[in-house]
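The values are calculated or read from the model by the stated rules, or taken from the named source; none is laboratory data. On a predicted model such as this, the values are computed, not experimentally measured, just so you know. Methodologically, a virtual Cβ is constructed for each residue, glycine included, from the backbone with ideal geometry; neighbour enumeration extends over all protein chains shown.
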Amino acid sequence: MIVSALKWAGDVDGFLELVDQRKLPGEFVRLQCRGVEHLYEAIETLAVRGAPAIGVAGAYGLVLALQNLAGADALKEGFSVLSKSSEYLASSRPTGVNLFWALDRVRRRAEQFVAGRPEANLQELRQTVFDEANAIYQEDVDMCQRIGENGERFIKDGAGILTHCNAGALATAGQGTALSVMFEAYKKGKRFKVYADETRPLLQGARLTAWELKQAGIDVTVICDNTAGWLMKQDKISAVITGADRIAANGDAANKIGTYSLSILAGKHEIPLYVAAPSSTFDLSIKDGGQILIEERSADEVTSFCDRKIAPEGVGIYNPAFDITEARDIAAIITEKGVIEKPTASKIAKHFR
């Protein structure tokens, strides 16, 4: 069973329903987001997470933003609300590019529609925004499927696959990116073992990836983050497959903190590391990974566990949410458009042409 992380309920006056990922695997709870502020809080606190899923959620956030407008100047006010709400939602998570991409795309579509229809009214604007959000959702579902189909050839029968954080259905509108590769390989009859890093400090690998793979019937074992190198030394890992939150024009990829370390370990043991991500995760305006802003999160995520303090008061805490894996350490980037092997700036530019 593959669970849908988010979906829109109803028509343009409906609401966004999310799986509350803060509560998994102990509880399966769906949140109903009926306002922009509620959605912002859900994104910031990781009730919804994963770059593609956040992008889709942001697009629907602009539908929510326009729901309570009325009056003679409502159309003009609508554009003001779209702009302010886009800026507000974009500030919820600074590293993943999909959120900015989706917000910009919806806003541009609204501007194009009204520019071609000077007699347009607020209801037509709202419908246009809703239709574009729905299109982004469906494209994400289709994208996930194609990434899986393009990447499943990298998983051999009997392989040991290492993954980090969560890049499954819970991180997208569809069946995921890195996990989509595994789901498609499994559908083809391949049988393999997945090792899921726990992914400190929020345990997305232990809580979410292991849960998803178990639901799908795939053999999964959770390991502590510091176990990966020893598994590689024992020849138990055939490939590392992760997602990404932003990929620079040269192929440097931002992903959950700890991915960089895995790339170095994989290189040492001559194990290929694959990144699975949609085209919307590429930021071609950024030359390399050095220009990617890395989100730093609360110290409480590190100093506390299950409401218990696990570090002494007053110590310094450094809690970056992401790190950068250099393109030279990536065997291939798997997208919905195809595979970029040994990525470079010129190969990526050609891929997008």
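Below, the figures for the structure above:
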| item | result |
| --- | --- |
| Some residue of region 47-60 being hydroxyl-bearing (Ser, Thr, Tyr), buried (at least 23 other Cβ atoms within 10 Å of the Cβ) and outside the structural domain of residue 184 (by TED's automatic domain parsing) | yes |
| Qualifying residue in region 161-174 (condition: in a helix (DSSP H, G or I), surrounded by 20 or more Cβ atoms within 10 Å (Cβ to Cβ) and among the polar types (S, T, N, Q)) | no |
| Residues that are in contact (Cβ under 8 Å) with a residue 60 or more places away in the chain and in a loop (DSSP other than H, G, I, E, B), drawn from region 309-330 | 319, 321, 326, 330 |
| Selection count where residues are over 19 Å from residue 333 (Cα atoms) and over 22 Å from the mean Cα position of the chain (by Cα), scope region 132-159 | 3 |
| Residue count, region 190-216 (criterion: in a loop (DSSP other than H, G, I, E, B) and either buried (at least 22 other Cβ atoms within 10 Å of the Cβ) or in contact (Cβ under 8 Å) with a residue 24 or more places away in the chain (or both)) | 8 |
| Number of positions in region 339-353 that are surrounded by 13 or more Cβ atoms within 10 Å (Cβ to Cβ) and hydroxyl-bearing (Ser, Thr, Tyr) | 1 |
| Subset tally (residues that are surrounded by fewer than 20 Cβ atoms within 10 Å (Cβ to Cβ) and touching a strand residue (DSSP E or B) at 6+ places or on another chain (Cβ under 6 Å)) for region 95-107 | 1 |
| Check on residue 301, in the same structural domain as residue 274 (by TED's automatic domain parsing), closer than 19 Å to residue 258 by Cβ and among the charged types (D, E, K, R) | yes |
| Set 129, 141: member being under 30 Å from residue 79 (Cα atoms), surrounded by fewer than 20 Cβ atoms within 10 Å (Cβ to Cβ) and β-branched (Val, Ile, Thr) | 141 |
| Residue 298 vs. criteria hydroxyl-bearing (Ser, Thr, Tyr) and either surrounded by fewer than 20 Cβ atoms within 10 Å (Cβ to Cβ) or not in a helix (DSSP H, G or I) (or both) | yes |
| From 326, 336, residue being of a type in the set (D, E, K, R), closer than 21 Å to residue 168 by Cβ and out of contact with any strand residue (DSSP E or B) (no Cβ under 7 Å at 6 or more places or on another chain) | 336 |
| Residue under evaluation residue 301, criteria (1) closer than 18 Å to residue 46 by Cα; (2) charged (D, E, K, R); (3) in contact with a helix residue (DSSP H, G or I) (Cβ under 9 Å, 6 or more places away or on another chain), criterion not met | (3) |
| Single residue of region 305-338 satisfying the filter (basic (Lys, Arg) and modelled with pLDDT under 95) that is surrounded by the most Cβ atoms within 10 Å (Cβ to Cβ) | 309 |
| Residue, farthest from residue 322 (Cα to Cα), within region 117-160, restricted to residues that are β-branched (Val, Ile, Thr) and in a helix (DSSP H, G or I) | 128 |
| Region 1-11, subset modelled with pLDDT of 95 or more and surrounded by 17 or more Cβ atoms within 10 Å (Cβ to Cβ), residue nearest to the chain's Cα centre (by Cα) | 6 |
| Qualifying residue in region 279-286 (condition: closer than 29 Å to residue 146 by Cβ, in contact with a His (Cβ under 8 Å, 6 or more places away or on another chain) and of a type in the set (A, V, I, L, M, F, W, C)) | no |
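Residue by residue, here is whether (1) surrounded by fewer than 16 Cβ atoms within 10 Å (Cβ to Cβ); (2) of a type in the set (Gly, Ala, Ser); (3) more than 16 Å from the chain's Cα centre (by Cα) holds:
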residue	(1), (2), (3)
218	no, no, yes
227	yes, no, yes
242	no, no, no
256	no, no, no
262	no, no, yes
284	yes, no, yes
287	yes, no, yes
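Yes or no, residue by residue, for (1) crowded, with 18+ Cβ neighbours inside 10 Å; (2) touching a helix residue (DSSP H, G or I) at 6+ places or on another chain (Cβ under 8 Å):
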residue: 74; (1), (2): no, yes
residue: 80; (1), (2): no, no
residue: 83; (1), (2): no, yes
residue: 93; (1), (2): yes, yes
residue: 111; (1), (2): no, yes
residue: 136; (1), (2): yes, yes
residue: 146; (1), (2): yes, no
